[in-house]
1. May I have the extent of the alpha carbons of the stretch 300-422 along their three principal axes, as whole Å values ordered from largest to smallest?
2. Run the numbers for ASP50 and ASN70: contour at 0.36 nm per residue of separation, minus the present Cα-Cα distance, in nm.
3. Using a simple spin-label model with points 7 Å from Cα along the Cα→Cβ vector, what separation in nm is obtained for HIS453 and THR371?
4. Determine the sum of side-chain charges near GLY330: Lys and Arg each +1, Asp and Glu each -1, restricted to other residues whose C-beta is under 15 angstrom from that of GLY330.
5. From the backbone phi of the stretch 318-335, what are the Karplus-calculated ³J(HN,Hα) couplings (6.51 cos²θ - 1.76 cosθ + 1.60, θ = phi - 60°) in whole Hz, Gly and Pro given as x?
6. Considering only the other residues whose Cβ falls under 14 Å of the Cβ of ASP129, what net charge follows from Lys and Arg at +1 and Asp and Glu at -1?
7. Please work out whether the stretch 389-468 counts as rounded, prolate or oblate from its C-alpha gyration tensor, where a ≥ b ≥ c are the square roots of the eigenvalues and a/c under 1.5 means rounded, while otherwise a/b larger than b/c means prolate and anything else oblate?
8. Read phi for every residue in the stretch 380-396 and hand back ³J(HN,Hα) as whole Hz from Karplus 6.51 cos²θ - 1.76 cosθ + 1.60, θ = phi - 60°, with x for Gly and Pro.
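Where a number appears in this text, it was derived from the coordinates with a stated rule and is not lab data. Predicted model only: the values in this text are computed from it and were never measured. Cβ coordinates were reconstructed from backbone atoms using ideal geometry, including for glycine residues, and neighbour counts include every protein chain displayed.
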Amino acid sequence: MPPSTLCLTLPSTHPFHISRLQEWHENVLPSLMDFIRVPNLSPAFDDAWDSNGHQIEAFDLVTKWAKAQNLENCKVELLKDDGRTPLLFMEVEPRESEQVCMLYAHIDKQPPMGAWREGLGPCDPVVQDGKLYGRGAVDDGYGFFSAITSIKAIQEQGLPCPRIVMLFEGCEESGSRDLPHYMDKLSGRIGTPDLIVCLDAGCGNYEQLWMTTSLRGSTNVMVNVSMLTAGAHSGFASGIVPSSFRITRQLLSRLEDEETGIVKPDKFFVEIPKSRLEQTAAAAEILGNSVYKQFPFVEGGHPVAKDAPISEHLLAKAWRPALSVTGADGLPATAVAGNVMLPFTKLKLSMRLPPTLDAKQASQDMAEILTRDPPQGAHITVTPGPAGNGWHAPLEAEWLSEAVHKASLTFFGKPSAHLGEGGSIPFMGMLKNMFPSAQFLVTGAAGPGNCMHAPNENLHIDYSARLTMCVTQVVATLATTKVVEEAAATEGGQVRAPKRSFIDAFKQSGGDSKYFVGCDCGMAGCVIFDQGLEKTVCPPCPPSVAAS
């Protein structure tokens, strides 16, 4: 793309001038398009992921590109342990700095999820109207290139640079199940980060830098309602045999008000911190009705809370539970459906959870609510699926708030803003618990209309370039910042639990090969991603466990 198409104007004396945009267009985009062409689905969506070669192909591509950037004093290592997805690990020695920064992105992708618009395809990269279309463009392929490009820019300017560790995993869309293994293996080389940068989040618009302050948790369950052992002719059975579908509707009404869409049980709600209410109100002023106008409603369609203030829509997305039916079995296709009473109805339910709610407990609560007092003697089974807690950022240090604000003004001409996101990144909660004194810059390019996880996924090219320059400036600021570590050895007289290894804590807390559960301090009674009240300690081990 010729420089004449670039729309950002910066003073020529600025250390991160227009050449950074040219770097993005000329060096990054062609390789990102090559990355899109590889169908490296996350293991949860591809049973043959370990044999079809797509994961290795994608990681080989990004590893070669990383090495070709010739970062100074940089080690690039691709790890692939038996039965595990790959992980690319990079270390860059510091320059005139004692600080440590970790940058994270993921390489695995979601499946196509249906038909794409004419002329587009999940593995066919296309640039249209300033956007790059293709699976993995915004989630999270660009993040890999952004992380490395930001460090490259610091080095090319000869600026101080923290010690850098970069992790690019291949299992995020499947719950990051292999990440504890690799982080345990690399713990001595990772050290203790002062700043953790995650580029897998979103932005409220494409006009300024957004800091993600929270991520919702989620839990998934399969509910199966059986009423017959075999199908029966509806002419003979209907009116006598209860409909499994109707009973399933009854069960859903225990969780959600079908009139309003609001989750009913109080146990799925939390108190929202005052600071987040204030930031949400400010974000609402910036975004206006674009908060809901970005979605492709049918004619006459409107939000769940039609006349609610904009801030309420944002809080509903970020801090309140929401139920979705994401799959169904037992229902034949309409083209072949006959007059038969269905013997069973099976639904996959996804419940998005407030950032500070215990997802494992929520999963148990859902199962109890759905299975108690079976209507009309139906057989109801609930099978839990992946459950991951949300994440609530620690309060921003003054240096970080100032650096983010200045970066946004420099590269967007507008101040930065804060936003709670409705999605989940399992990795973030684990990191907050492992590194309680670290600051977080969780941000991303998934803005309005990005179609992440859906057909027509796209990356806003100009925004992603500017975002990368913002990351450059924030990381460079860290290099010259004296980070004051919190002496959080105790709180209320409770002694902090000794730090456990990543993998031991993962197992001790009940995690298995599929997804995170439990607390990575390794103590019974703790829950991974247990955050939200700015706590820096875990609750004491229950006496019965301590005695054992």
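1. On the principal axes, the stretch 300-422 reaches 65, 37, 26 Å in Cα extent.
2. Result: 4.2 nm gained on full extension.
3. So the two model labels end up 2.6 nm from each other.
4. +3
5. Karplus-based 3J(HN,Hα) across the stretch 318-335 equals 9, 10, 10, x, 8, 9, 9, 8, 10, x, 8, 10, x, 9, x, 4, 4, 5 Hz.
6. That sum, taken over residues with Cβ under 14 Å, equals +1.
7. Verdict is oblate for the stretch 389-468.
8. The phi angles translate into 10, 10, 10, 10, x, x, x, 9, x, 6, x, 8, 10, 5, x, 4, 5 Hz.
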